[in-house]
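Let me begin by presenting the structure, written as structure tokens, before commenting on it.
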Amino acid sequence: MEHRQAGNVGAAFALLFVPLLLFAVPPAARAETLRLSGTGGAMGGLALLSSAFERGHPGVKVVLAPNMGSSGSIKAALSGKLDVAVSGRALNDDERDRGGREVPYVRTAFVFAVHPDVPVEDITLSAVRKIYAGDTTSWPDGTPARVILRPASDSDTEVLKGMPEGLASAADKAYRRKGMVVATTDQDAVDYIQSTPGAIGTTTLALVLSEKRRVRILSLAGVTPSNRAVKEGAYPYVKVYRFVTGAHPPGAAKAFIAFARSPAGASILSGVGCVVTR
């Protein structure tokens, strides 16, 4: 009888002790959540950074939301739905007035890419202008040249129109041509380029390399887009990706941004076509 009573007392004590154990979860198990998203061209590199950051920061769980685009991710960061956004454009005055803070972190080559079967390796801006304007309608083998456009308000279009050789005027003509494809997102654009015979469009070295896309990146007047060419200024056409936060980002957000710009982060990003900005 005494033995059974002692066992009952022990069981009762164990039942009382279990709830205490539940409240004694080690701090590492209660991970802080870091919410990220951004422009499509940066998402591949962002995923690699997130995985490496989590390994070095076991107390932080990174949640990488699907591509929201530059404007969408900035809006989410300023409203507190994201901790860090990645933008392919600078903040505007209204976004700064609302507390937005930006830190440029990489440059990547802004490139012209074509369907893998297009029989061209190199192109000039003059040739690009003629294709966009509709003056040149086919490739050397007779395949129709099909331009994949981006929305007029997209940061890719802004970079394209800032290039010389009359590309701004050529882009405007392209929007007026009937039957043109306008790809909404960075990923959509590359999807169209790699699946449409004769296609040509803009993208970034970072997106193509980080997502291992099956398109051909054209050299421009003999200069191959590369990290080295971007660093040395031999290839001057680039997109800058920026981290964007609200006025008071959490500690994990600050740590992530610092990691991306550290030697370890730079090594990861350089492998996918990015030159880290110091």
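Scan (1) 55; (2) 50; (3) 45 for the value of percent of Cα pairs over 24 Å apart calculated from this model and give just the label.
Derived directly from the coordinates: (1).
Starting with the fewest neighbours, write out V159, V63 ranked by other beta-carbon atoms found within 10 Å of each beta-carbon.
Ordered from fewest to most neighbouring Cβ atoms within 10 Å, V159, V63 come out as V63, V159.
In degrees, nearest 10, range 0 to 90: what is the angle between the Cα axis of helix 186-195 and the longest Cα principal axis of the chain?
In the chain, helix 186-195 runs at an angle near 60 degrees to the longest axis.
Each residue of region 134-139 in turn: what ³J(HN,Hα) in whole Hz from Karplus with 6.51, -1.76, 1.60 and θ = phi - 60°, glycine and Pro shown as x?
Ordered by residue, 3J(HN,Hα) equals x, 6, 10, 10, 8, 8 Hz.
Taking a cut-off of 17 Å between Cα atoms, list the lysines near K231, but don't count ones fewer than 8 places away on the same chain.
K239
Which is farthest toward the positive dipole end of the chain among L209, A127, G251, measuring Cα position about the Cα centre, with Cβ charges +1 (Lys, Arg) and -1 (Asp, Glu)?
The listed residue farthest towards the positive side: G251.
Under a Cβ-only charge scheme (Lys and Arg +1, Asp and Glu -1), can you give me the dipole magnitude of region 110-232 about the Cα centre, in debye to the nearest 20?
About 160 debye.
Which value, in debye to the nearest 20, gives the size of the charge dipole of the chain about its Cα centre, when Lys and Arg are +1 and Asp and Glu are -1 at the Cβ?
Using Cβ point charges on Lys, Arg, Asp and Glu, the chain gives about 220 debye.
What percent of all Cα-Cα pairs in region 110-232 falls into each 5 Å bin, going from 0 up to the bin containing the maximum distance?
For region 110-232, the pair-distance distribution reads 2, 11, 23, 27, 23, 11, 3, 0, 0.
Just to confirm the number: angle between the C-alpha axis of helix 69-78 and the first principal axis of the chain, 0 to 90 degrees, nearest 10?
40 degrees
Mind jotting down the distance between the C-alpha centroids of region 54-97 and region 227-278, whole Å?
One Cα centre to the other: 14 Å.
Evaluate the distance, in nm, between pseudo-label points positioned 7 Å from the Cα of S169 and of R214 along their respective Cα→Cβ axes.
Label-label distance for S169 and R214, simple model: 3.9 nm.
At R0 = 25 Å, how high is the FRET efficiency between E121 and S262 if r is their beta carbon distance? Nearest 0.05 is fine.
With a Förster radius of 25 Å, E is 0.10.
Please arrange M43, M180, M68, M163 by counting, for each residue, the other beta carbons lying within 10 Å of its beta carbon, fewest first.
M180, M163, M68, M43
Using only the alpha-carbon atoms of region 25-153, report the extent along each of the three principal axes, biggest first, to the nearest angstrom.
Over region 25-153, Cα extents along the principal axes are 68, 35, 20 Å.
Restricting to DSSP H runs of at least four residues, report the calculated mean residue ellipticity at 222 nm for the chain, -39500 (n - 2.57) per run over all residues, nearest 500 deg cm²/dmol.
-12000 deg cm²/dmol
How many angstrom separate the Cα center of region 189-215 from the Cα center of region 123-167?
Measuring centre to centre over Cα atoms gives 15 Å.
For T136 and A65, calculate 0.36 nm times their separation in residues minus their Cα-Cα distance, and state this gained length in nm to one decimal.
21.5 nm
For the chain, find the longest principal axis of its Cα atoms and tell me its angle to the long axis of helix 2-23, 0 to 90°, nearest 10.
30 degrees
Of G162, Q194, T143, whose Cα points farthest to the positive end of the dipole of region 110-232 (charges on the beta-carbon: +1 Lys, Arg; -1 Asp, Glu; origin at the Cα centre)?
Farthest along the dipole direction, towards plus: T143.
We did not get these values from a lab; they are worked out from the coordinates using the rules stated. Predicted, not measured: the structure shown is a model, and the values here were computed from it. Every residue, glycine among them, receives a Cβ derived from its backbone with ideal geometry; neighbour counts consider all protein chains shown.
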